[in-house]
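Values quoted throughout were computed directly from the atomic coordinates according to the rules given, and no laboratory measurement underlies them. From a predicted model like this one, the values you see are computed outputs, not experimental measurements. Positions of Cβ are generated from backbone atoms using ideal geometry, with glycine treated the same way; all protein chains shown enter the neighbour counts.
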Amino acid sequence: MTATVLLDRLDGVRSCGPGRWRARCPACDSHKPVLAITETADGVVLLHCFRNECAAPDIVSAVGQDIADLFPPRVEGVHAAVPAKRRFSARQVLGAVNLELLEVLVIVGAIRLRGSVMPAEYERLKLAVARVSVAEGATHD
Ligand SMILES: [Zn+2]
């Protein structure tokens with residue numbers, strides 16, 4: 001479960017249902033549970049701060065984690081080792097690419113506001129490019 005490590009480091013965590021939690025946002029130091037945490041069926045952790053719309057890289061770095069920790073470990077290095085049997089429909093791949101684009105949009109929005117790029121953001125953008133590259137070869141015909 002990808003969310004467990006993050007949840008252990010957040011304050012004021014409460015469950016809102018299967019795979020969903022609220023907690024205090026460590027990036028804007030909120031005193032209310034303004035941070036929504038959702039773990040998708042494929043183990044990706046989505047974050048949304050309802051107070052300041054804090055960027056996911058800022059949220060995870062505030063608790064000593066990296067943006068890559070929001071994704072299942074097996075996705076790392078998948079480039080070199082995509083099992084031949086793991087093929088996905090075009091719809092599944094487009095859904096994954098859409099999630100990557102949303103992440104890129106959130107990061108670019110944060111960069112635009114701040115006027116600079118944090119190392120974790122740059123690494124996450126590189127990961128997005130790698131994932132979309134992998135997605136291209138992950139569909140069946
Ligand atoms: Zn926040």
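Please state the shape class of the range 1-64: rounded when a/c is under 1.5, otherwise prolate if a/b exceeds b/c and oblate if not, all from the C-alpha gyration tensor. In terms of gyration-tensor shape, prolate. Taking Lys and Arg as +1 and Asp and Glu as -1, the other residues whose beta-carbon sits under 12 Å from that of Val108 total +1. In a simple Cβ point-charge model (Lys, Arg +1; Asp, Glu -1; nothing else charged), the chain has a dipole of about 300 debye relative to its Cα centre. Divide the volume of the convex hull around the Cα atoms of the chain by the residue count and you get 111 Å³ per residue.
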